[in-house]
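Working notes, structure below.
The values are calculated or read from the model by the stated rules, or taken from the named source; none is laboratory data. Computed from a prediction, not measured in an experiment: that's the story for all the values here. Note that each Cβ is placed from the backbone with ideal geometry, even for glycine, and that neighbours are counted across all protein chains shown.
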Amino acid sequence: MRGRVVTLATARPRVYVVEAPGGRYVRAETHRELDRRGWQPAPSPASADALLIAGTLPDPLRAAADVLWSQLPGPRARAEPTAVSSVPSTLDGLRACLRDRAGQLADRRGRELDEATRWVRSDSARHDETDHDDMDHDDMEMAPGGLVLAQGAPDRDGLEMDALRHPLGPLLDRWPGGLELVTTLHGDVVVEAEVTWWEPPHPTAPPQTGRADDLAGGWDAAATVLSLLGDERQARLARSVAPSSPEVGDRVLRRLDRLTRRGALPRTAGEVLHTALADSVPALISDDELVELVSGRDLGDVRLLVAAHAPLLQGVVDASGSLDD
Amino acid sequence: MTDPLADQLARLPAAALGAVLALGLVLVLAWTASVSRGVAAGRAVPASMAHAPAEAARLLRQGRRTTLSADRLLWRVGGWGLFPVAVLLIALVPVGETALLPGSLGVVWANALDVVVWALVWLLGWGANSVAGLVGGYRFLALALGYELPLMFALVAPAIAASSLDLAVVADAQSSLWYAVWMPVAFVAYLVGVLGFAVSGPLAAPVGSEVSDGALAELSGPDLLVVRAGRHALMGAGAAIAVPLFLGGGSGPWLPDAVWVVLKALLLTGALAWAAGRLPTLRTHQLMEPLWTILLPLVVLQDLVVAVLVVSGS
Amino acid sequence: MTDSSLVVDLAFWGCAVVAVVFGALVFVVDSMARATYALAVSFVATGGALLLMQQSYLGVIVVLMMVMEMAVMAVYMVMFMGMNPALMPMSMVHSHRTALGASLVTFVVLGSGAVLVPWPERRGAPSPDVTEALGRAIMESHMLVMMAVGPVMVATIVVGVALSTARTRYDRLGDDLDQTPTDPPLRGETQRGGRRRDR
């Protein structure tokens with residue numbers, strides 16, 4: 001009985017897919033393979049069963065990946081496929097690991113050592129202390145729970161807002177590999193941003209060029225945007241577009257245009273996707289232009305805009321070679 | 001004179017049975033919503049039917065987690081409160097002879113319960129102490145201001161037409177013509193409201209995929225399961241309330257009243273969930289304007305038309 | 001009604017205790033969100049007490065309005081009470097002594113009033129539907145006033161918001177509904193009244 005429940009629970013694990021710098025092809029193949037199996041990607045590490053990092057992380061990001069790993073509630077599995085050809089076996093391995101009860105039990109016992117576990121522990125201990133004290137306004141600590149409080153700043157209407165530094169990436173799902181965008185938020189509006197690119201650990205093969213690759217990048221971006229809009233059905237269609245299936249491409253393109261017209265998609269994002277898929281290759285986006293693009297936008301719009309422009313970002317173009325062996 | 005306490009206790013078994021039936025109906029409606037949602041997302045019917053049990057098993061096996069400086073009390077209240085609200089809504093629906101919670105103010109109670117969702121979703125986003133959660137919670141309150149007023153005025157129309165706030169009386173008043181037919185604007189505004197408090201379809205921005213599922217971002221395991229089930233259940237409960245309000249209650253040929261009520265609720269839930277699965281999630285500001293400047297005036301106009309017809313007809 | 005009077009009494013006292021305890025919790029808890037929702041629970045219990053006094057309509061309206069109001073008020077509390085009340089422990093108690101004195105005096109005045117005032121004897125029977133009676137009493141002679149007040153209040157709110165913002169959260173510049181919100185948004189601050197109409 002217990003075994004049957006475990007089989008049911010792990011029939012379609014949710015995988016949190018993160019693209020490493022230069023890992024675009026492996027990540028795209030991972031999404032296609034998930035589609036073939038009918039698995040759904042996890043929207044956040046909180047509810048994910050498995051963490052999959054597509055490509056090889058540079059050393060400075062390994063510690064960050066461990067923190068991300070500690071966010072998974074468990075039972076959990078982790079893998080870093082580095083080649084397109086190894087994606088199917090990697091996913092099989094993830095599921096096998098989730099079904100391995102002895103292994104999961106051992107992992108659970110080892111969780112005390114997780115960095116995030118210790119943070120939360122020490123935070124609740126601190127809370128218990130303050131609960132017993134008679135509270136006084138004077139001795140409030142300025143960093144409750146070890147979190148530095150947001151500073152105030154006037155927003156565009158001159159009202160005072162909290163200015164919160166909120167990094168997006170470099171380890172984020174449906175996000176270009178290696179991009180770290182540190183935003184300053186007023187509420188959910190991004191007022192400023194800084195761009196950092198993390199380089200792949202070893203030089204990759206020279207970028208593929210040509211119309212076919214540009215188009216593939218365009219469809220990949222379209223699929224990411226549709227998935228971010230919550231439209232997994234159309235996202236699957238976009239991922240399945242091949243040169244041999246122009247009518248599927250037409251359907252997805254019409255859908256994207258309709259979403260842009262209705263305003264479900266920021267206009268800039270809709271236009272760049274349309275250009276990339278129907279007309280020609282849009283111009284590359286420098287880091288300054290990226291900052292310009294996202295400033296003044298809602299946090300959700302920023303995700304959509306970055307996803308739509310992903311194949312055109314300077315850092316992605318520099319880093320993307322084929323990692324296939 | 002009988003012993004008052006004994007009298008109350010004697011009624012307990014019947015009430016308990018009713019509560020179990022209401023709970024069962026909510027679960028069936030929630031499952032219907034989930035299946036229909038899966039079909040809309042392009043999954044095959046058997047796979048869609050297996051989806052809810054498989055996800056339930058997956059999430060029950062998953063551990064719980066918390067975040068740094070989370071307000072766990074408010075967070076859990078927000079999550080675990082959604083499903084009970086749906087059960088209470090179902091208890092208001094007259095099935096057959098009577099509702100589990102009958103009363104002369106059923107319409108107002110339905111409204112009061114859907115307002116409780118305001119508090120719950122915001123608490124869900126607030127409690128997690130994460131950026132995505134807060135964005136989701138605040139988005140929901142903004143949208144709630146947009147969908148709730150049309151919803152309230154939509155509830156007014158059937159109440160005026162039947163001259164009663166009792167759901168059973170409203171249902172009986174539609175023997176000749178369903179209210180959905182002659183007050184379509186109110187019906188549509190009501191359904192938009194249901195999508196709003198079920199946080200689904202075009203009004204799903206508070207749990208938007210582009211902000212890592214917003215208010216749901218930090219939930220895992222059973223805590224996530226009850227929220228997902230709660231959203232589907234709220235959609236089912238909203239559809240069930242629409243049956244006495246707009247779809248003639250238990251009226252229908254051949255079958256008993258109770259069967260018709262359940263059948264209509266199931267069909268409307270399925271249709272609503274399918275539409276929610278097909279329509280794109282709209283950005284918050286894309287919704288605020290049509291909800292306030294188009295839907296709200298239209299619904300008020302609908303109320304006026306209904307009121308004039310009722311006064312001139314009587 | 002007498003059969004169930006014991007249960008009703010118990011429920012009434014239950015509601016009363018919950019209302020008072022959660023009302024007190026507002027001043028005990030250390031976060032704005034908790035204070036606001038403690039107040040919401042207190043109001044819901046008050047609504048329950050009203051229901052048990054056979055004032056069904058007033059009871060359900062208290063629940064509906066207060067939950068809605070507290071959901072919105074939580075936002076304002078968090079927004080205006082400064083200093084990241086989300087994470088920083090805070091207190092709702094200010095100027096202890098004055099507040100304590102004022103509340104005690106108020107309680108004694110109201111309480112002694114309730115006890116000492118010679119309440120009039122009931123003449124005649126209450127109407128079967130007290131809600132309807134109340135509605136008629138308010139509405140019948142003052143209908144015109146009520147009808148005028150509603151639109152005036154709505155217009156005041158809308159105009160107040162329109163006058164106080166030049167831009168608003170969603171980049172709608174100005175009050176012209178034919179104009180679409182700017183996409184992409186304009187950079188920098190907009191001057192109040194300086195409405196851009198060039199797109």
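A compact table of results
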read-out	value
Filtered residue count, the stretch B:40-56, keeping only those that are surrounded by 15 or more Cβ atoms within 10 Å (Cβ to Cβ), more than 7 Å from chain A (Cβ to nearest Cβ), hydrophobic (A, V, I, L, M, F, W, C) and assigned to a loop (DSSP other than H, G, I, E, B)	0
So B:Thr32, is it outside any helix (DSSP H, G or I) and farther than 30 Å from C:Val60 by Cα	no
Qualifying positions in the stretch C:126-150 - part of a helix (DSSP H, G or I), closer than 21 Å to C:Ser56 by Cβ and not small (Gly, Ala, Ser)	C:Val130, C:Thr131, C:Glu132, C:Leu134, C:Arg136, C:Ile138, C:Met139
Options B:Val226, B:Val199, B:Val207, B:Val194; residue that is over 29 Å from A:Gln71 (Cα atoms) and not aromatic (Phe, Trp, Tyr)	B:Val194
Answer from B:Ala186, B:Ala119 - the residue that is assigned to a helix (DSSP H, G or I) and at the interface with another protein chain (Cβ under 9 Å from one of its Cβ atoms)	B:Ala119
Subset tally (residues that are surrounded by 14 or more Cβ atoms within 10 Å (Cβ to Cβ) and either at pLDDT below 65 or hydrophobic (A, V, I, L, M, F, W, C) (or both)) for the stretch A:90-116	5
Helices (runs of 4 or more DSSP H) completely within the stretch A:1-85 that count 2 or more residues being over 25 Å from B:Ala56 (Cβ atoms) and in contact with a strand residue (DSSP E or B) (Cβ under 9 Å, 6 or more places away or on another chain)	A:24-37, A:62-70
Out of B:Leu282, B:Leu268, B:Leu291, sole residue that is within 16 Å of B:Ser200 (Cα to Cα) and either modelled with pLDDT of 95 or more or touching a Ser or Thr at 6+ places or on another chain (Cβ under 7 Å) (or both)	B:Leu268
Subset of the stretch A:226-249 (residues that are modelled with pLDDT of 90 or more and more than 11 Å from chain B (Cβ to nearest Cβ))	A:Ala238, A:Arg239
The lone exception for A:Leu259 - which of (1) in contact (Cβ under 8 Å) with a residue 24 or more places away in the chain; (2) buried (at least 21 other Cβ atoms within 10 Å of the Cβ); (3) more than 9 Å from every other protein chain (Cβ to nearest Cβ) it fails	(3)
Positions within the stretch C:69-78 being within 8 Å of the chain's Cα centre (by Cα) and buried (at least 18 other Cβ atoms within 10 Å of the Cβ), in sequence order	C:Met70
Qualifying residue in the stretch B:86-103 (condition: within 14 Å of chain A (Cβ to nearest Cβ), assigned to a helix (DSSP H, G or I) and touching a helix residue (DSSP H, G or I) at 6+ places or on another chain (Cβ under 8 Å))	no
The stretch B:57-76: number of residues that are part of a helix (DSSP H, G or I) and buried (at least 17 other Cβ atoms within 10 Å of the Cβ)	7
In the stretch B:201-249, the residues that are within 10 Å of another protein chain (Cβ to nearest Cβ) and of a type in the set (Gly, Ala, Ser)	B:Gly201, B:Ala204, B:Ala205, B:Gly208, B:Ser209, B:Ser212, B:Gly214, B:Ala217, B:Ser220, B:Gly221
